[in-house]
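In what follows, a single structure is set out as structure tokens and then discussed.
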Amino acid sequence: MNLQNLPFDLIVERLNDGVLIVGLDGQIVYANPLMLEILGHEWEDVGGHTLFDFMSPEWAERARENLKRRAKGIEERFDHQFLHSSGAPIWAMVSTRLLEFEDGEQISLVAIRDITARRKAEHELRALKEELEERVLERTLELEHEVQVRREAERLALEESATKTRLLANMSHELRTPLHTIIGYTELMLEEEHMDPDERTRDLEYVLSSGRHLLDIIEDILDISKVEAGEETTRPTEFRLTHLLDEVGAMLSHALRENGNAFLIDNRLEDDVVHLDRLRLKQIMLNLVSNATRYTRGGAVTVRLVEFAGGHLRIAVEDEGRGIASEDIGSLFEPFVRVGADAHESKTGTGLGLAITKRYCEMMGGKIRAVSELGRGSTFTVELPRVLNDAQAVEKTT
Ligand code: ADP
């Protein structure tokens, strides 16, 4: 085959790439059929126009800069964006070079390959990759969160089990003491045939009081476990707080008198009608006021009623007794905890009163805290909503 005779114009017409010949001012001199197809135009729409008419202003600006470099004889390959007659952007891989004729005229020869499909695929791939990365990140975070939640649950389970073990140990100890007394004195009485009747009566009284104490402990344990098992519901009714406190004062009048204490109610409420579980609140007040008078000699036990934060009440039981050391305040509400001298000596009390009180407060959506100063007295403050919804189910409060 003689290459000299090849019809070059025919080759350019049939070429599988677009071909453009433009003046350095951007004027289109020639566009092959594939180039026209790429742009979606006929030659009549293209001839006599500039290159810049077939791209966005932003890309036209780049094309002008390109042509300036062409004038300096620089050859280049780059990606460029044209506009199809439909307005759709077309991505093209462009290869250009300067052609200079003998008469000094310069033109730019441009070969163009439509890479819209490739760019689209690349774009989709990138989007997919980003989406995948995002999902991996999301899943990783989810997993990290799950691990954290499980660790926290494990930690709580361990803590709960340690608390239960401690509680069980304390409970056995508390039950053992009165039982030892009962068994000890009963054995003694069985062994001694000729016992002095007075001695016999005294020993029997020990047995009786130990038996009663044992019963108190067991009843308190039952109360506390019912609350913890979530079996208890509250039964709110409407009543006057001051009436309830008068009843508490009357029930504890003997204990108050015995220790020479005055019982005062400082009511700063405009309206003392509340809608709460009366029985539970009475038990709370009986516990707090009886503790207050038990540890106070010749002083006052004052119950102060104050309204705060719209619809909430503060009931503070203040005494002028021996007080509680600051290091003991934190453990006061734990079952079987006794502090100060009682830690070793107390034969009355179960060490469960404040633990039950705290749980009853929580059952009614409230809380309790204590402040105290040794030798000066203590204040136990209960905060409660004024109105409790009917038969509220009680959450487990461990
Ligand atoms: P208890 O049945 O032994 O009284 P509580 O749970 O009611 O059990 O109280 C726990 C301990 O807290 C008591 O043994 C006592 O040491 C201390 N305590 C409670 N209230 C007061 C108070 N008002 N003043 C001083 N100590 C108190």
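So the values come out like this:
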{"read-out": "Accessible area in the full protein assembly, largest first, 1.4 Å probe, for Thr293, Thr116", "value": "Thr116, Thr293"}
{"read-out": "Number of Lys pairs (Cα under 27 Å; 8 or more positions apart or on different chains) in the chain", "value": "19"}
{"read-out": "Filtered GluC sites (Glu not before Pro), the range 157-245: DSSP coil and at most 15 other beta carbons within 10 Å", "value": "Glu192, Glu193, Glu231"}
{"read-out": "Shape of the range 3-114, Cα gyration tensor, a/c cut at 1.5", "value": "oblate"}
{"read-out": "HN-Hα J in Hz across the range 125-138 - Karplus 6.51, -1.76, 1.60, θ = phi - 60°, x for Gly and Pro", "value": "4, 5, 4, 4, 4, 5, 4, 4, 4, 4, 5, 4, 4, 4"}
{"read-out": "For the range 145-154, Karplus couplings with θ = phi - 60° (6.51, -1.76, 1.60), whole Hz, Gly/Pro x", "value": "5, 4, 4, 4, 4, 5, 4, 4, 4, 4"}
{"read-out": "Sites matching GluC sites (Glu not before Pro) across the range 246-278 that sit in DSSP coil, with at most 16 neighbouring C-beta atoms within 10 Å", "value": "Glu270"}
{"read-out": "Sum of -39500 (n - 2.57) over DSSP H runs of 4+, divided by residues of the chain (222 nm, nearest 500)", "value": "-16000 deg cm²/dmol"}
{"read-out": "Full-extension gain in nm, Trp43 to Val12, via 0.36 nm per residue minus C-alpha separation", "value": "9.6 nm"}
{"read-out": "Two-site label geometry, Gln81 and Thr237: point separation in nm, points 7 Å out along Cα→Cβ", "value": "7.9"}
{"read-out": "Cα-projected label distance for Arg304 with Arg202, points at 7 Å along beta-carbon direction, nm", "value": "4.7"}
{"read-out": "³J(HN,Hα) computed for each position of the range 212-218 - Karplus, 6.51 cos²θ - 1.76 cosθ + 1.60, integer Hz, glycine/proline x", "value": "5, 4, 4, 5, 4, 4, 5"}
{"read-out": "Ala255/Glu152 FRET efficiency (R0 35 Å; Cβ-Cβ; nearest 0.05)", "value": "0.20"}
{"read-out": "Loop GluC sites (Glu not before Pro), the range 87-141, which have at most 16 other Cβ atoms in a 10 Å radius of their Cβ (DSSP)", "value": "Glu102, Glu105"}
{"read-out": "Contour minus Cα-Cα distance for Leu99 and Lys120 (0.36 nm per residue)", "value": "4.3 nm"}
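The values are calculated or read from the model by the stated rules, or taken from the named source; none is laboratory data. Please read all numbers here as calculations on a predicted model, not as lab measurements. For neighbour counting, all protein chains shown are included, and Cβ atoms are generated from backbone atoms with ideal geometry for every residue, glycine included. Ligands, DNA and RNA are stripped out before the accessible areas are found, and what is left, the full protein with its side chains, is counted by its heavy atoms. Shrake-Rupley method; radii C 1.70, N 1.55, O 1.52, S 1.80 Å.
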